[in-house]
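Written below as structure tokens is the structure these notes are about.
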Amino acid sequence: MIHAPLSTARTARTARTGRTALLATALTASLAAAALLGAPAASATPSDPPGTLTTTSLAPTLVSPFAAYRIPALSYLGDNVVVAAWDGRPGSAADSPNPNSIVQRRSTDGGATWSTQATVLQGNPDTAGSGANKYGYSDPSYVYDHVAGTLFLFSVYSKDQGFGGSTFGNDDANRQVISAQVSQSTDLGLTWGAPRLITSVVKPGTSSAAPVAGDVRGMFATSGSGIQLNYGSHAGRLIQQFAGDVRQADGTNQVEAYSVYSDDHGASWSRGAFVGTGMDENKTVELSDGRVLLNSRDHANQGYRKVALSSDGGATYGPVTSDLELPDPANNASLVRLYPDAAAGTPEAKILLFTNANSQSARQNLTARVSCDDGATWPFARQLNAGFSAYSVAARLGGDSVGVLYESSYSTGIQFAALNDAWLAYSCGGVTPIAGTTVTGQRTDAARNLGTAPYSAGEQVPYSFRVTNHSTGTVSTTPTAGNFTPLVAPGTGNCRYLALAAGASYTCATPTHTVTAAEASQGYFVPDTTWSVSPSSSGSGRVLGLPVNLTAGVHVDSATISGVSIVGARADAGRDVAASPYAAGDTIAYRFAATNTTATTVSVAPSSGNFTPLVAPGTGNCRYSSLAAGASYTCTTPTHTVTAAEASQGYFVPDTTWGVTVGTTTTSARILGTPVSLR
């Protein structure tokens with residue numbers, strides 16, 4: 001993960017003039033942030049191409065007794081069923097212990113239309129008793145068990161106190177104790193069972209007068225959505241995140257995060273270990289290798305999201321770090337898998353979607369970001385809403401659709417944004433989405449030693465394609481062109497599949513590529529194919545695979561050189577290359593991130609490449625003379641000038657060579673990046 005420890009500032013350099021790292025570390029945090037954020041380009045508004053975005057207000061009118069709607073929750077239940085919930089707050093927009101209710105709307109057509117608003121957890125202001133016996137439900141979060149088909153709804157259950165005023169203890173009859181409940185639906189949210197109080201699980205400590213270390217004073221389930229794990233020994237586990245004000249050994253309190261999980265489909269719940277200090281509302285996501293990534297709001301409002309990793313299904317977490325690519329104004333956010341049904345270890349399983357207010361000072365500028373590498377970097381970002389933007393929650397809705405439910409005000413601002421993969425404008429190496437399917441490819445010559453037997457012109461490189469149907473209906477997938485044989489139907493060994501069921505995948509391992517003289521000379525070729533998908537979802541698209549190196553000593557997509565990881569990404573997010581293709585002579589922005597994972601200071605320097613500025617000396621070069629152990633930097637100055645040949649073929653391949661010096665030893669490697677589409 002490219003995350004700096006909280007005690008170590010992550011340093012960014014946007015100019016390279018041979019200055020030492022001592023000067024670099026003196027750069028202010030604001031300069032570091034400006035270099036790292038990679039804000040969306042201003043050239044595309046949310047409604048502009050590429051892709052489509054439609055926004056619907058789900059709570060345009062206040063219904064008595066409510067004075068405000070707040071705190072969205074969202075879940076996709078399959079078969080085009082979507083549920084959305086939020087607080088209905090009477091009298092004001094106040095948090096608990098306001099006697100709030102939780103209301104819900106359902107969609108059975110993937111978010112196109114919605115049922116009328118219904119109250120699923122009814123608060124009681126006890127007006128007749130002047131509020132002496134009031135109670136309320138606040139801060140909804142859904143957790144869907146897709147194995148059992150059961151939907152859970154977590155929330156606060158308050159009486160006389162909310163998070164800030166609650167006493168220690170977990171006696172639900174004590175009106176000074178904030179409680180927690182979970183409700184259950186077995187019919188996709190149409191009806192709900194009675195609330196079940198789980199305060200004794202999520203709020204340890206029975207004494208309100210004599211708390212001990214580990215007791216929790218106030219707590220709440222983080223609103224939005226929880227997850228179910230798909231991989232490994234904890235597959236099937238349900239996880240809902242909580243934040244609690246926890247008594248420390250020295251008698252002070254700290255806001256910490258923790259997972260509450262179930263391994264028996266919600267029959268019982270357990271609390272995981274507390275993690276971090278100064279935490280707040282937090283979310284989790286399962287990574288491609290089965291680890292769980294926690295992402296938290298910073299209770300101290302230091303300007304960035306906090307993250308931690310779990311290797312035991314959320315029971316415990318490692319050290320908390322700050323992700324300086326994710327600025328945050330102390331706000332709830334959302335973190336989900338863009339392909340939740342992807343198999344473990346696949347490229348699709350590494351693609352994450354993060355939504356939040358992209359600001360360090362205000363709840364505004366709602367932005368969707370995509371990571372291709374399990375959250376290590378966030379190279380793709382696009383603005384969803386420029387104005388006021390508070391809490392948000394996202395969900396993959398099936399096929400190529402994504403839903404984001406967010407707050408555009410604290411009264412009637414519950415907005416549902418429906419968008420597609422094309423709108424997100426991401427380009428994750430080796431993964432191409434087409435109408436609800438993904439196409440990936442890989443070489444199948446792993447046994448060949450490219451050091452002793454590099455490919456020459458006329459030789460054939462074996463290759464395979466894997467096609468996965470993420471849509472809800474059967475599709476036909478057909479390659480229509482490409483630089484492989486066999487590939488296109490008809491003919492023995494072609495890669496057409498006429499009836500690929502929903503959720504199914506297939507692998508076509510027959511294709512080979514014949515190396516040209518030009519490819520042998522440059523040391524790689526780019527898999528270049530075109531596919532069509534029909535009829536459940538319909539579309540076609542060009543699939544540019546990761547470069548296939550033909551000689552040894554070449555890294556593809558990223559590289560780790562002497563313990564320093566180096567990865568690059570295009571930095572022109574928001575440009576619609578279909579409507580505004582790049583032409584010969586145009587320049588395209590790019591950036592490189594380097595992280596020193598070793599325990600010693602190193603020097604990092606590019607020595608060649610098809611970018612400028614890049615190589616030292618000269619203003620804007622990407623050299624870093626003294627990169628401390630555990631530190632990272634991002635170089636945002638490089639641009640690539642498009643050649644006539646690249647404009648004609650529609651892409652260019654980032655091609656750079658980097659050297660890492662440890663002591664007196666320098667190790668160099670060539671890195672071929674993901675092909676950058678120009679049209």
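Kindly identify region 278-428 as rounded, prolate or oblate by the Cα gyration tensor criterion: order the square roots of the eigenvalues as a ≥ b ≥ c, call it rounded if a/c is under 1.5, otherwise compare a/b with b/c, prolate if a/b is larger, else oblate.
Because a/c hits 1.5 or more and a/b fails to exceed b/c, region 278-428 counts as oblate.
If you take the beta carbon distance between Arg542 and Gln460 as r and set R0 to 22 Å, what does 1/(1 + (r/R0)^6) give as a FRET efficiency, to the nearest 0.05?
0.45
Given H placed on each backbone N at 1.01 Å, which residues far from Ser75 in sequence or on other chains put an amide H within less than 5 Å of it?
Distant-sequence amide H within range of Ser75: Val83.
For semi-axes √(5λ) of the Cα gyration tensor in Å, one of [x] 45, 30, 22; [y] 48, 26, 25; [z] 42, 35, 22 was computed from the structure I shared and the rest are decoys. Which label?
Computed from the coordinates, semi-axes √(5λ) of the Cα gyration tensor in Å corresponds to [x].
Just subtract the alpha-carbon distance of Thr485 and Ser361 from 0.36 nm times their residue separation and send over the number in nm, one decimal.
Using 0.36 nm per residue and subtracting the Cα-Cα distance, I get 39.1 nm.
What FRET efficiency do you get for Leu197 and Thr643 if R0 is 41 Å and r is their Cβ-Cβ distance, rounded to the nearest 0.05?
Efficiency at R0 = 41 Å is approximately 0.05.
Ala112 to Ala599: FRET efficiency via 1/(1 + (r/R0)^6), r the Cβ-Cβ distance, R0 45 Å, to the nearest 0.05?
E(calc), rounded to 0.05, equals 0.25.
Can you compute the helix-only [θ] at 222 nm over the chain? Use -39500 (n - 2.57) per DSSP H run of at least 4 residues, normalise by all residues, nearest 500 deg cm²/dmol.
My calculation for the chain gives -1000 deg cm²/dmol from helical runs alone.
PRE reach from Tyr410 (point 7 Å along Cα→Cβ): which of region 363-377 fall under 20 Å by backbone N?
Under cut-off, by backbone N: 363-366.
Which whole-Hz couplings ³J(HN,Hα) result when phi for each residue of region 358-365 is put into the Karplus expression 6.51 cos²θ - 1.76 cosθ + 1.60, θ = phi - 60°, listed in order with x for Gly and Pro?
Running phi through 6.51 cos²θ - 1.76 cosθ + 1.60 with θ = phi - 60° gives 7, 7, 9, 10, 8, 7, 7, 6 Hz.
May I ask for the distance between the Cα centers of region 170-208 and region 523-554, given as a whole number of Å?
Region 170-208 and region 523-554 have Cα centres separated by 51 Å.
Could you tell me the number of lysine pairs in the chain with C-alpha atoms less than 21 Å from each other, where the two lysines are 8 or more residues apart or belong to different chains?
6
Does region 434-549 come out rounded, prolate or oblate, given a ≥ b ≥ c as the square roots of the eigenvalues of its C-alpha gyration tensor, rounded meaning a/c under 1.5 and, failing that, prolate meaning a/b above b/c?
It comes out prolate by the Cα gyration axes.
Run the simple label-point estimate for Asn449 and Thr587 please: 7 Å along Cα→C-beta, distance reported in nm.
Output for this residue pair reads 4.5 nm.
What distance in nm separates the two pseudo spin-label positions at Thr530 and Thr612, each 7 Å out from Cα along the beta-carbon direction?
If labels sit at Thr530 and Thr612, their model points lie 3.4 nm apart.
Using Cβ contacts closer than 10 Å as the measure, can you line up Ile434, Ile561, Ile414 from fewest to most?
The most exposed by this proxy come first: Ile561, Ile434, Ile414.
A short reminder: the numbers here are calculations on the coordinates, not readings from a lab. It should be emphasised that the depicted structure is a prediction, and the values quoted were computed from it without experimental measurement. Methodologically, a virtual Cβ is constructed for each residue, glycine included, from the backbone with ideal geometry; neighbour enumeration extends over all protein chains shown.
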